[in-house]
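Mind looking over this structure? Questions follow.
The values are calculated or read from the model by the stated rules, or taken from the named source; none is laboratory data. A quick note: this is a predicted structure, and the numbers were derived from the prediction, not measured. A quick note on method: Cβ atoms are made from the backbone with ideal geometry, for glycine too, and the neighbour counts reach across all protein chains shown. For the accessible areas, the whole protein counts, side chains as well, though only heavy atoms, and no ligand, DNA or RNA atoms are used. Shrake-Rupley method; radii C 1.70, N 1.55, O 1.52, S 1.80 Å.
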Number of protein chains: 2
Amino acid sequence: MDFKKTESILRALGEQNRLKIITYLSMKTLCVCELVEILDISQPQVSQHLRKLREVELVTEEKRGRWVYYSLNNIHALYPVVLHIVSTLPLVQLNEIRAICD
Amino acid sequence: MDFKKTESILRALGEQNRLKIITYLSMKTLCVCELVEILDISQPQVSQHLRKLREVELVTEEKRGRWVYYSLNNIHALYPVVLHIVSTLPLVQLNEIRAICD
DNA sequence: TATATATATAATAGTTCGTTTATATATTAA
DNA sequence: TTAATATATAAACGAACTATTATATATATA
């Protein structure tokens, strides 16, 4: 992984909401509206943060009906580094997600 | 390490010149003028990048005479993560540093 | 078909960032 | 003591970033 690419990936990781998205996705594939509820930020904000993570291919997306599900890209060259970073972060709980989606 | 602090550390790491500084410091303690020569960027640029790394305590400094020597902070909570990142970067060589310092 | 939901994107404004240039301070050497 | 070297910092400017607001598209439901 060259310096330029690593720079852009670390930039994508260097934001609290995106770190939280990565942390939750490391536990479970989630759709946008679930992330909106979990992170308690606006839908456009979640979409824009996901875009940054998509641009550097840290996450993958899969459309199912109305929903778009996001997962950590576990074949990314820096996937082990990402998990290492997540392991240093506070434990978060993935409580029952209130069915606000729908 | 909380999300806010991790954000600021990843931001400090998310820049090519700073990634190179970290990479070289992982091999050897170096003074500012040596980094200026190795990275081939201006002295104020090196000093400002070092400041960002100092602010998040990724590096430590030690003044000896006219020179200020910088080292990786190996007791930083994220030191293992930093080494993990460095291990994914291209190998760099620390050739004889022409004695431009002095 | 009309409406509601899920999502993405664009425009805007305020903020942070990186580079350049100029300068100040400390230390050493002449 | 004067000059040179090593370093830090500040100001200025353009670029990149983030949040907000508005809107467009796709899909499902009534």
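Does the range A:61-70 contain at least one residue that is out of contact with any Asp or Glu (no Cβ under 7 Å at 6 or more places or on another chain), open to solvent by less than 80 Å² (accessible area, probe 1.4 Å), of a type in the set (D, E, K, R) and free of Cβ contacts under 8 Å to residues at least 60 places away in the same chain?
Restricting attention to the range A:61-70, the residues satisfying the condition of being out of contact with any Asp or Glu (no Cβ under 7 Å at 6 or more places or on another chain) are A:61-67.
Next cut, open to solvent by less than 80 Å² (accessible area, probe 1.4 Å) only: A:65, A:67.
Filter once more, keeping what is of a type in the set (D, E, K, R): none.
No, because not a single residue in the range A:61-70 is out of contact with any Asp or Glu (no Cβ under 7 Å at 6 or more places or on another chain), open to solvent by less than 80 Å² (accessible area, probe 1.4 Å), of a type in the set (D, E, K, R) and free of Cβ contacts under 8 Å to residues at least 60 places away in the same chain.
Conditions first: (1) more than 14 Å from chain A (Cβ to nearest Cβ); (2) in contact with a strand residue (DSSP E or B) (Cβ under 7 Å, 6 or more places away or on another chain); (3) aliphatic (A, V, I, L, M). B:LEU53 passes all but one, so which condition is the exception?
Checking B:LEU53 against (1) more than 14 Å from chain A (Cβ to nearest Cβ); (2) in contact with a strand residue (DSSP E or B) (Cβ under 7 Å, 6 or more places away or on another chain); (3) aliphatic (A, V, I, L, M), the one that fails is (1).
Quick check on my filter: what residues within the range A:61-79 are outside any loop (DSSP other than H, G, I, E, B) and within 14 Å of A:ALA12 (Cβ to Cβ)?
Selection gives A:TYR70, A:LEU72, A:TYR79.
Enumerate the pairs (first residue in the range A:84-95 and closer than 18 Å to A:GLU37 by Cα; second residue anywhere and open to solvent by 60 Å² or more (accessible area, probe 1.4 Å)) with beta-carbon separation below 7 Å, excluding pairs fewer than 6 apart on the same chain, so at least 6 apart or on different chains.
Taking only residues 6 or more apart or on different chains, the pairs are A:LEU94/A:MET27; A:LEU94/A:LYS28.
Give the range A:23-57 a look and list any residue that's open to solvent by less than 20 Å² (accessible area, probe 1.4 Å), among the hydrophobic types (A, V, I, L, M, F, W, C) and either part of a loop (DSSP other than H, G, I, E, B) or touching a residue at least 40 places away in the same chain (Cβ under 8 Å) (or both), or say none.
Result: A:LEU25, A:LEU30, A:CYS31, A:LEU53.
Let me ask something additional. Tell me yes or no: at least one residue of the range A:14-21 is open to solvent by less than 40 Å² (accessible area, probe 1.4 Å), closer than 15 Å to A:ILE85 by Cβ and over 10 Å from the mean Cα position of the chain (by Cα).
yes
So which of B:VAL92, B:VAL82 is β-branched (Val, Ile, Thr), part of a loop (DSSP other than H, G, I, E, B), in contact with a Ser or Thr (Cβ under 9 Å, 6 or more places away or on another chain) and within 11 Å of chain A (Cβ to nearest Cβ)?
Values: B:VAL82 fails: part of a loop (DSSP other than H, G, I, E, B).
Residue meeting the stated conditions: B:VAL92.
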